[in-house]
Every structure is written in structure tokens, then in C-alpha cells.
1. Pick from L155, L139, L148: which is in a loop (DSSP other than H, G, I, E, B), of a type outside the set (D, E) and at pLDDT below 95?
2. Inside region 89-145, can you point out the residues that are small (G, A, S) and in contact (Cβ under 8 Å) with a residue 60 or more places away in the chain?
3. With (1) without any contact (Cβ under 8 Å) to a residue 12 or more places away in the chain; (2) more than 15 Å from S144 (Cβ to Cβ); (3) small (G, A, S) as the list, and A71 as the residue in question, which single condition is left unmet?
4. Tally the residues that are buried (at least 17 other Cβ atoms within 10 Å of the Cβ) and assigned to a helix (DSSP H, G or I), restricting the search to region 48-81.
5. Among the residues of region 90-102, is any closer than 17 Å to L17 by Cβ, more than 16 Å from the chain's Cα centre (by Cα) and among the small types (G, A, S)?
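The values are calculated or read from the model by the stated rules, or taken from the named source; none is laboratory data. A quick note: this is a predicted structure, and the numbers were derived from the prediction, not measured. Using ideal geometry, Cβ is built from the backbone for each residue, glycine included, and neighbour counts are taken over all protein chains shown.
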Amino acid sequence: MFHLYPSRIVDELRDKLHRLRPDYAKLVVVYGECGMTGKLDSLLEEVGASRLRGPHCYEMYAGAERFEEIAEARPGTFFLTDWLVRNFDRAVIKGLGLDREPELKSMVFGNYEALLFLRQVPNPRLAVKAREIAEYLGLPLEISDVGLGELEDRLAELIDA
């Protein structure tokens, strides 16, 4: 849920990282920049921890090169992950107040042109839910099976360093 409020990520991590620091030689945070405007990197420097390379999970799952291609060719793409498909109602509809103020939907999603589900696990139930989300948003859906994309390699780089 913190992805809707990036400043909470830093606040939550600050306490946890400071508590963990004395007990671990290496602390690795599995977040990208995620819209935290450098605050996460400042915290990580403060406690001597590191994070996954990359701006956000969409880029990690799609892969840097492919994400850049998509962003360049289709800048109006809204991305879904397994987590976001599972939690769309709670995180997006309720989280953004679209259930209480449905007219906000066009304000929030009006400029999107496509929906790309970066699917980690080929789960048929998630595909059905992604189609329901696409219908709700009025966007064409593409499903791309990406697995963990570059996330696993980036995590291994940090752990092995």
C-alpha cells in the first residue's frame, strides 16, 4: 500500500533499517526509486544499505531496454503487475477514492491509451481480473509474461557484491 504514498516508504524503512543495522553486515532494500525523489537513497546512505537498481518495479519486470522502448513508443501505457492486479480494487479504486467519486476515473486515467500487464506468474485468475480492470478503465489490454524480469539479477548483484 505504500506505493500510493512514497513518503511512507522512507518513514517505515528508516525505523526498520536503524533497528536492523547492528545485527546485519549487509542490508538490501527491494525497492526502486518509486517516486521518492531521492529520499530513499539519502536514507540508504545514512544507514549504509543499498537498494535495487532502477526507477520502479515496472522497469525491473519489463527489463530496462524493453521498458524504455514501451515508454518511447507508447507513453500512454498504464502498467500492471501481479500485485497490482490482485490489489487493484483496494489500492487503486478505494485508494484513490474512485469508489466514492467515480467521476475522478476519467481525470486519473483519461490520458492512458493502453494497459500492459507485466505478468510474473501465468495465473488464469489474474488474467481474468486484468481483463476486468481493462474493461473498467476502457483500455485495450496486453499481457506479457515477464517472470521476474531483471529483478532477480539485480538482487543477485547486490547480494553477491
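1. Working: L155 fails: in a loop (DSSP other than H, G, I, E, B); L139 fails: at pLDDT below 95.
It is L148.
2. First pass over region 89-145, keeping only residues small (G, A, S): 91, 95, 97, 106, 110, 114, 127, 130, 134, 138, 144.
Those that are small (G, A, S) and in contact (Cβ under 8 Å) with a residue 60 or more places away in the chain: A91, G95, S144.
3. (2) is the only condition that A71 fails.
4. Within region 48-81, residues that are buried (at least 17 other Cβ atoms within 10 Å of the Cβ) and assigned to a helix (DSSP H, G or I) number 8.
5. Going residue by residue through region 90-102, those that are closer than 17 Å to L17 by Cβ are none.
Within region 90-102 (the criterion being closer than 17 Å to L17 by Cβ, more than 16 Å from the chain's Cα centre (by Cα) and among the small types (G, A, S)), the answer is no, since none of the residues qualifies.
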